[in-house]
């Protein structure tokens, strides 16, 4: 899909598109800003501790499975996958900084945890047989809880 196709579907002119976005990849990545704000609001409303954003993100992925398959599935481009990984890293970093602010080496821990979560979410959109949201959240927590428990010590 090119910019002209996007403009036709959105019923906007090319100049309007380029007023808001430098290229179609910028449009794609801007969707993460809205999702980030939604997940932050959910986290603030429920204050569930580290990785509080995870249930909302998994729910969003499953509610929009076809879109996420296109963005991060086997046929996705590197920019889209990189944008998704960066988004998850940002969310994990925020959550860990809120709960473990004084911990040294927070960045490598956040990268390690976010890498696992990102890869499980990416795997889930193409997995056969398909996994469900509850099972995926359980896997994410199963693999990250030992790390979080160690951080608490």
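What follows is calculated from the coordinates using simple rules that are stated; it is not laboratory data. Remember, it's a predicted structure, so these values are computed and weren't measured experimentally. Ideal geometry is used to build each Cβ from the backbone, glycine not excepted, and the neighbour counts take in all protein chains shown.
Listed from fewest to most Cβ neighbours within 10 Å, the set 118, 30 follows the order 30, 118.
Model label points for residue 6 and residue 102, set 7 angstrom from Cα along the Cα-to-Cβ axis, are 4.6 nm apart.
Students often get this wrong: which residues of region 1-44 have the backbone nitrogen under 12 Å from the point 7 angstrom along Cα-to-C-beta of residue 86? What the label zone holds, given the 12 Å backbone N cut-off, is 25-33. When the convex hull of its Cα atoms is viewed from all sides, the chain shows a mean projected area of 10.3 nm². When only Cα pairs below 8 angstrom with a gap of at least 6 residues are kept, the chain shows a relative contact order of 22 percent.
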